[in-house]
Amino acid sequence: MPKKILTTKKAVDKKVPKKTTKKDNKDKGKALVFASNQKSFWVNDGRILNSLMALHAALDSMEKDHFEHHVGNEKNDFAEWVDSVLCDSACAADLRKAKTPKAARVVVAKHLKHYVI
């Protein structure tokens, strides 16, 4: 009976790509814009807003009549300010669809997730 010859192969170092997750590939986010004193938003209830975070907090406790002073069928002061001063046209477009303070707050919260805070 012939003898079996055993051979061993040298292990080759294989480069295995690192598994990535959505978190690894996620955009780091954009910087939150703060308006200057001259470009801050003056709400008719006396509050002065200078960022998307400030708008989010204000909408949390804003009375409907104060909201409706700035948002109606023909205008949306919040959306205009977010677009022109805070330079977030996507958030402004979504704000134009919001008809209540609660709906506007949800929109702002959604867009705040794209910022580094």
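The values are calculated or read from the model by the stated rules, or taken from the named source; none is laboratory data. Only a predicted model underlies this, so the values are computations on that prediction, with no experimental measurement involved. For neighbour counting, all protein chains shown are included, and Cβ atoms are generated from backbone atoms with ideal geometry for every residue, glycine included. Heavy atoms of the whole protein, side chains included, go into the accessibility calculation; ligands, DNA and RNA do not. Shrake-Rupley method; radii C 1.70, N 1.55, O 1.52, S 1.80 Å.
Points to keep in mind about this one:
- Index of the failed condition, ASP45 passing every other in (1) assigned to a helix (DSSP H, G or I); (2) farther than 19 Å from ILE117 by Cβ: (1)
- Whichever residue in the stretch 66-117 is acidic (Asp, Glu) and farther than 18 Å from LEU49 by Cα and, among such residues, is modelled with the highest pLDDT: ASP94
- Scanning the stretch 67-117 for residues that are small (Gly, Ala, Ser), open to solvent by less than 40 Å² (accessible area, probe 1.4 Å) and in contact (Cβ under 8 Å) with a residue 12 or more places away in the chain gives ALA79, ALA92, ALA98, ALA104, ALA109.
- Residue list for the stretch 51-66, filter: open to solvent by 60 Å² or more (accessible area, probe 1.4 Å) and of a type in the set (Ser, Thr, Tyr): SER61
- Leading residue by the ranking (farthest from ASN76 (Cα to Cα)) among those in the stretch 28-45 that are open to solvent by less than 50 Å² (accessible area, probe 1.4 Å) and not aliphatic (A, V, I, L, M): GLY29
- Whenever a residue of the stretch 42-60 is more than 21 Å from LYS30 (Cβ to Cβ) and without any contact (Cβ under 8 Å) to a residue 40 or more places away in the chain, its partners that are open to solvent by 60 Å² or more (accessible area, probe 1.4 Å) and of a type in the set (A, V, I, L, M), lying with C-beta atoms within less than 8 angstrom and at least six residues away or across chains, give the pairs TRP42/ILE48.
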